[in-house]
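> Here it is, the structure, as structure tokens.
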Amino acid sequence: MQDLRALLLHEKYGHGFFFSQTKLGKQLAILYRHGLEPGTDSKQLRSPYPRSLYSDYESVIDLIYDSVTIVNEGFATWLEQIILPRLSDLIGQAAYRRRDFLFYRDSSMADLAQESEYFQKFQPQRVSKYREGCEYLELIQGYFGPDWGPKCAVQAIIKATDVDLGITESGGQVQFGLQAEQLKATLLNKQSKDAQSDERLRAIHDVLREYIDEITQEQEKLQCHRSCLHNDCPINDIICTKLGW
């Protein structure tokens with residue numbers, strides 16, 4: 001029962017939040033609805049559309065999905081780790097088992113990194129695909145304490161995934177705002193972190209850690225523990241000022 005609740009938190013609420021509440025996740029949800037995923041058998045897609053579209057953007061779709069792996073899986077893992085212990089002591093035991101499994105027994109990122117063009121360019125820091133993103137969120141949560149730390153971690157995810165790749169849906173069809181080569185160049189651009197959510201999360205963590213005291217002072221003025229004032233959010237302000245997002 002405990003593990004079922006962990007999976008429910010991870011899949012429905014963790015990934016569910018990513019795909020329904022973040023700008024980047026909503027764009028991936030469009031691709032998913034139309035069967036445009038890595039490893040799709042193009043013969044199963046209707047011709048000429050969307051089979052031709054998938055043929056043009058197949059390598060780009062691989063890059064997009066790889067670029068969100070650390071943030072998407074990390075957030076879902078963080079959510080179950082923070083919620084399970086709050087349900088009950090008994091259910092909270094599942095969090096320890098899940099942490100051991102996801103952090104130390106999973107090595108899927110190591111395999112993915114060998115095959116992925118994206119991860120050849122942007123090396124992951126852990127062999128588990130669940131661990132790195134979760135650890136960054138746990139650090140951010142810890143910097144700002146129990147009152148508003150979890151809210152800050154969620155806001156960090158929202159900013160990390162505030163990426164517009166130009167993927168929209170119109171008339172029941174997927175529309176890409178950029179040509180495949182343009183989008184590929186953007187996703188693989190090491191000089192800019194505008195399109196890579198994992199690189200954005202790393203940069204956000206670093207700047208939040210550097211400006212903990214300044215942010216905390218603003219949070220106390222705004223009484224962030226009572227309500228989350230996104231229009232004046234110190235997390236948003238420091239990310240915008242220092243990183244331009």
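The values are calculated or read from the model by the stated rules, or taken from the named source; none is laboratory data. Since the structure is predicted, the reported quantities are computational estimates derived from the model, not experimental observations. Cβ atoms come from the backbone with ideal geometry, glycine included; neighbour counts cover every protein chain shown.
> For region 50-64, check the following and say yes or no: at least one residue is within 25 Å of Asp162 (Cα to Cα) and within 15 Å of the chain's Cα centre (by Cα).
Checked against the condition, which is being within 25 Å of Asp162 (Cα to Cα) and within 15 Å of the chain's Cα centre (by Cα), region 50-64 yields at least one hit.
> Which residues, taken from region 114-161, are more than 18 Å from Gly14 (Cβ to Cβ) and assigned to a loop (DSSP other than H, G, I, E, B)?
Ser116, Phe122, Gln123, Pro124, Gln125, Val127, Phe144
> Being touching a His at 6+ places or on another chain (Cβ under 9 Å) and modelled with pLDDT of 90 or more narrows it down to one residue among Pro50, Pro38; which is it?
Details: Pro38 fails: touching a His at 6+ places or on another chain (Cβ under 9 Å).
None of the other options fit; the residue is Pro50.
> Further, regarding this structure: Are any residues in region 228-245 free of Cβ contacts under 8 Å to residues at least 24 places away in the same chain, surrounded by fewer than 16 Cβ atoms within 10 Å (Cβ to Cβ) and either over 24 Å from the mean Cα position of the chain (by Cα) or assigned to a helix (DSSP H, G or I) (or both), and if so, which ones?
As a first pass, look at region 228-245 and keep what is free of Cβ contacts under 8 Å to residues at least 24 places away in the same chain: 229, 231-232, 234, 237, 240-241, 244.
Now narrow it down to the ones that are surrounded by fewer than 16 Cβ atoms within 10 Å (Cβ to Cβ): 229, 231-232, 237, 240-241, 244.
Hits for region 228-245 are Asn231, Asp232, Asp237, Cys240, Thr241.
> I'd like the residue in region 24-35 that is under 23 Å from Ala160 (Cβ atoms) and in contact with a helix residue (DSSP H, G or I) (Cβ under 9 Å, 6 or more places away or on another chain) and, out of all such residues, is surrounded by the most Cβ atoms within 10 Å (Cβ to Cβ).
Leu24
> Scan region 156-172 residue by residue and report those that are at pLDDT 95 or above and not hydroxyl-bearing (Ser, Thr, Tyr). Before the answer, list the steps.
Here is the first cut: in region 156-172, the residues at pLDDT 95 or above are 156-169.
Result: Ala156, Ile157, Ile158, Lys159, Ala160, Asp162, Val163, Asp164, Leu165, Gly166, Ile167, Glu169.
> Here's a check for you: in region 136-148, which residue that is surrounded by fewer than 19 Cβ atoms within 10 Å (Cβ to Cβ) and of a type outside the set (Asp, Glu) is nearest to Asp213 (Cα to Cα)?
Restricting to residues being surrounded by fewer than 19 Cβ atoms within 10 Å (Cβ to Cβ) and of a type outside the set (Asp, Glu), the top hit is Tyr143.
> A further question on this structure: Could you grab me the full set of residues in region 144-163 that are of a type outside the set (A, V, I, L, M, F, W, C) and either over 21 Å from Trp245 (Cα atoms) or within 15 Å of the chain's Cα centre (by Cα) (or both)?
Answer for region 144-163, where residues must be of a type outside the set (A, V, I, L, M, F, W, C) and either over 21 Å from Trp245 (Cα atoms) or within 15 Å of the chain's Cα centre (by Cα) (or both): Gly145, Pro146, Asp147, Gln155, Lys159, Thr161, Asp162.
> While we're looking at this one, here's another question. Check off (1) assigned to a helix (DSSP H, G or I); (2) of a type in the set (A, V, I, L, M); (3) crowded, with 18+ Cβ neighbours inside 10 Å for Val174 and give me the number that stays unchecked.
Result: Val174 fails condition (1) only.
> Looking at region 8-23, I want the residues that are touching a residue at least 60 places away in the same chain (Cβ under 8 Å) and surrounded by 15 or more Cβ atoms within 10 Å (Cβ to Cβ) and have a partner that is outside any loop (DSSP other than H, G, I, E, B) and of a type in the set (Asp, Glu) with Cβ atoms under 8 Å, at least 6 apart or on another chain. Which pairs are those?
These pairs meet every condition: Leu9/Glu80; His10/Glu80; Gly14/Glu80.
> How many residues does region 47-77 contain that are buried (at least 19 other Cβ atoms within 10 Å of the Cβ) and free of Cβ contacts under 8 Å to residues at least 24 places away in the same chain?
1
> Suppose the filter is assigned to a helix (DSSP H, G or I) and either among the hydroxyl-bearing types (Ser, Thr, Tyr) or within 20 Å of the chain's Cα centre (by Cα) (or both); does Ala76 pass it?
Yes; evaluated as a whole, the condition is true for this residue.
> I need a count of the residues in region 149-178 that are more than 30 Å from Pro48 (Cβ to Cβ) and touching a Ser or Thr at 6+ places or on another chain (Cβ under 9 Å). Outline the logic, then answer.
Kept after step one, since they are more than 30 Å from Pro48 (Cβ to Cβ), are these residues of region 149-178: 149-162.
Filter once more, keeping what is touching a Ser or Thr at 6+ places or on another chain (Cβ under 9 Å): 157-158, 160-162.
Number satisfying all stated conditions: 5.
> Restricting attention to region 95-116, which residues are under 30 Å from Leu188 (Cα atoms) and either touching a Leu at 6+ places or on another chain (Cβ under 9 Å) or loosely packed, with under 13 Cβ neighbours inside 10 Å (or both)? Walk me through it before giving the result.
As a first pass, look at region 95-116 and keep what is under 30 Å from Leu188 (Cα atoms): 102-116.
Residues satisfying the conditions are Tyr104, Arg105, Ser107, Asp111, Gln114, Glu115, Ser116.
One line per residue, one yes/no per condition, for (1) of a type in the set (Val, Ile, Thr); (2) over 15 Å from Val68 (Cβ atoms):
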{"site": "Tyr96", "(1), (2)": "no, yes"}
{"site": "Leu112", "(1), (2)": "no, no"}
{"site": "Tyr118", "(1), (2)": "no, no"}
{"site": "Glu132", "(1), (2)": "no, no"}
{"site": "Ile140", "(1), (2)": "yes, yes"}
